[in-house]
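Beneath this line is the structure, given in structure tokens, with notes to follow.
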Amino acid sequence: MTHKTAIVIGGGIAGCSTAYALATRGIQVTLFERNDKIACEASGNPQAMLYPRLSGDDDASLFALESYLYSLNFFKSLNLNPADINICGMLQLGFNPRELARIQKVAAQNHAEEILKYLTATEASSIAGITLNHDALYFPGAAWVNPQQLCKRLTEHENISVKTLSLVNNILKNNNLFEIYSADKIIEKADLLIIANANEAQNLGLSLHLKTQAVRGQVSILAATDTSQKLKSIICSDGYLSPAVNNQHCLGATFSTENTDLALDDYDHLANLARLKSFSIPLYENLKHNITNGRVSLRCSTSDYFPLLGELLDNTALKSAPPRPNAKPETLPWIKGLYINVAHGSRGFTSAPMCAELLACLICDENHPMPAGLAGLLNPNRFTLKKLGLKKLAKMVASSNVSASYNLTVSSNRISG
């Protein structure tokens, strides 16, 4: 089937990169954002850091590295304004025994030096432009980007229409077309529907059972000094500090699953300063009184820290008639044309672009850029399937060319065949 139109719900990096991936394939995309502009929730920090955190040769590290390398090349292809992206490199410091062992383990895997290399404290200090007391893992291609300008660039494609101040609260599928509603009024129809609104995905009138969690993160904005202006690269321990941009640094970020208050918290500013102390005591002394502002957002994450990406199943139908463990994927109750791209946690600008490309490949029946075994870990239905004892099916890569097709029923907030 040739898809001509798509609706994307959510105007953060996941939604914008998904809209772009579809638009470049000739699909007319309408992107809906509930705020008055795109990239103003979890994707709205002053700067987004683009780098991977690796632990070894596990699946999480492989996914992080593949995503990072893809995003680097993708962002370069967009020809962003130089003021909106800076490939300044990043130093992950071995600031305690555990972190030192981690970076040494990663360095021993013999990655190409253009990807990463191990540096002594002296070498790291030369790269950073300030004195550092720890050895480091150096990623020369790491960068920061301006989230708002990046998302703006992605949605400037001629096949994308952006509609802000649009709160979608219900979905219906009629005659192979998806209808979305706001305040009980239909506002758009399309062949495809992609959910990309992070924690709000649970509020669309569907029983999705996504098992996502809101994670509060606060960044601190620090006024730069003559000393801190010398910092030339991102430095990272269990947080990060960016080089000065417009005479200010971005320092972060906190991590809380208990507090979802969006108000700035002085305690979290202190927690960020403690991270700064682990980078460099002199730098901490130089900047500890320079917090001028901050920003709080709620990231969306899963218990296994992998995003949720792919076509969705009808959970009600799945539970009422559980398939056998050896069932073929095409026999499952797919909601044909309904996809999701959420739960990128604190690494959305690293992982969302490659996931968007993978999703577009699945939708358009193209070869995708990710190994099948790795892509299968992103299955958005995995938690429900695992709960039913269907571990093999939970690791599948679902394509759009399956035979079963299910419709959505708004009135009962469930999916029916």
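The values are calculated or read from the model by the stated rules, or taken from the named source; none is laboratory data. As the structure is a prediction and not an experimental result, all values here were calculated from the model. When we count neighbours, we look across all protein chains shown, and the Cβ atoms used for this are built from the backbone with ideal geometry, even at glycine.
Observations on the structure shown:
Conditions (1) under 20 Å from the mean Cα position of the chain (by Cα); (2) modelled with pLDDT of 80 or more, marked per residue:
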| residue | (1), (2) |
| --- | --- |
| M370 | yes, yes |
| R382 | yes, yes |
| L385 | no, yes |
| K392 | no, yes |
| A404 | no, no |
| R414 | no, no |
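- In this structure, S256 does not qualify as at pLDDT below 95 and either in contact with a His (Cβ under 9 Å, 6 or more places away or on another chain) or closer than 30 Å to L22 by Cα (or both).
- Note on the stretch 239-317: enclosed strands (runs of 3 or more DSSP E) holding 1 or more residues that are in contact with a strand residue (DSSP E or B) (Cβ under 9 Å, 6 or more places away or on another chain) and hydroxyl-bearing (S, T, Y) are 291-302.
- Qualifying residue in the stretch 213-226 (condition: touching a strand residue (DSSP E or B) at 6+ places or on another chain (Cβ under 8 Å), farther than 30 Å from L132 by Cα and among the basic types (K, R)): no
- Residue in the stretch 166-182 that is farther than 24 Å from E200 by Cβ and either modelled with pLDDT of 95 or more or assigned by TED's automatic domain parsing to the domain that holds R275 (or both) present: no
- Hey, S237 within 23 Å of the chain's Cα centre (by Cα) and of a type in the set (G, A, S) or not: yes
- Test for E188: is it in a strand (DSSP E or B) and assigned by TED's automatic domain parsing to the domain that holds G348: yes
- Of the set (1) within 30 Å of D304 (Cβ to Cβ); (2) in a loop (DSSP other than H, G, I, E, B); (3) assigned by TED's automatic domain parsing to the domain that holds R275; (4) polar (S, T, N, Q), all apply to T131 but (1).
- Qualifying residue in the stretch 196-208 (condition: without any contact (Cβ under 8 Å) to a residue 40 or more places away in the chain, touching a strand residue (DSSP E or B) at 6+ places or on another chain (Cβ under 8 Å), more than 27 Å from N259 (Cβ to Cβ) and outside the structural domain of G129 (by TED's automatic domain parsing)): no
- Any hit, the stretch 104-118, residues being buried (at least 16 other Cβ atoms within 10 Å of the Cβ), part of a helix (DSSP H, G or I), of a type outside the set (K, R) and in contact (Cβ under 8 Å) with a residue 12 or more places away in the chain: yes
- The stretch 20-51: number of residues that are closer than 30 Å to D261 by Cβ and either without any contact (Cβ under 8 Å) to a residue 40 or more places away in the chain or part of a loop (DSSP other than H, G, I, E, B) (or both): 16
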